[in-house]
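A short write-up of the structure that comes next.
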Amino acid sequence: MNPCKIEVHLQRLKHMIIKSGDRSLHRIFSLSAITLLLLTIACDPAKFYDENISLPNDKWPEDKSMSFKINIEDTVSSYRFFINIRNSTSYQYNNIFFFLTTEFPGGGMSRDTIECKLSAKNGEWLGKGNGRYRDNRIFIRENIRFPLKGIYTLKLNQAMRESTLEGISEAGVRLEKQTAE
């Protein structure tokens, strides 16, 4: 079982132990909760920033920017950059294009166009998941260094030439701190 998803089971166990009044079970639960906390922290040690924004009714208007503010204090470390996308299986394309705008602390900006593949040539979805949705974490670039300390704002816009893009339920960004290998 994935340690990141054990919390629900521990909550149920806690309620059963509280109802029973057994002190030894209470101690066991306390140790289990501490173990869970340590495992949860260890689940994703590389994560520096990971945030997604939901889109109502799986629709993304072309004029809606998803804005992410990231506080950078470390200008020496390198990072890996990913885009997160959650698409429905009714999404009609095999890819998605984004405009990524980066606003730097103290002014200045850059803008890139990024393509992300969501399905293979045979039409099979690339993301993880069962049922109606697929979750994608798409690697964009590594060895990114932020030259200035402060707040960076990353803005994602869909660039699919659709006034309202249907079939995308969430999009987001993820940064992982790179370690020396």
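Structure values in brief
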read-out	value
Lone unmet requirement of (1) out of contact with any helix residue (DSSP H, G or I) (no Cβ under 9 Å at 6 or more places or on another chain); (2) at pLDDT 95 or above for residue 107	(2)
Check on residue 75, in contact (Cβ under 8 Å) with a residue 40 or more places away in the chain, over 18 Å from the mean Cα position of the chain (by Cα) and outside any loop (DSSP other than H, G, I, E, B)	no
Counted residues, segment 115-169 - those being farther than 15 Å from residue 90 by Cβ, small (Gly, Ala, Ser) and assigned to a strand (DSSP E or B)	1
Conditions (1) in contact with a Lys or Arg (Cβ under 6 Å, 6 or more places away or on another chain); (2) closer than 16 Å to residue 160 by Cα; number of the one not met by residue 112	(1)
Some residue of segment 54-65 being modelled with pLDDT of 65 or more, among the basic types (Lys, Arg), assigned to a strand (DSSP E or B) and in contact with an Asp or Glu (Cβ under 8 Å, 6 or more places away or on another chain)	yes
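The values are calculated or read from the model by the stated rules, or taken from the named source; none is laboratory data. Please read all numbers here as calculations on a predicted model, not as lab measurements. A quick note on method: Cβ atoms are made from the backbone with ideal geometry, for glycine too, and the neighbour counts reach across all protein chains shown.
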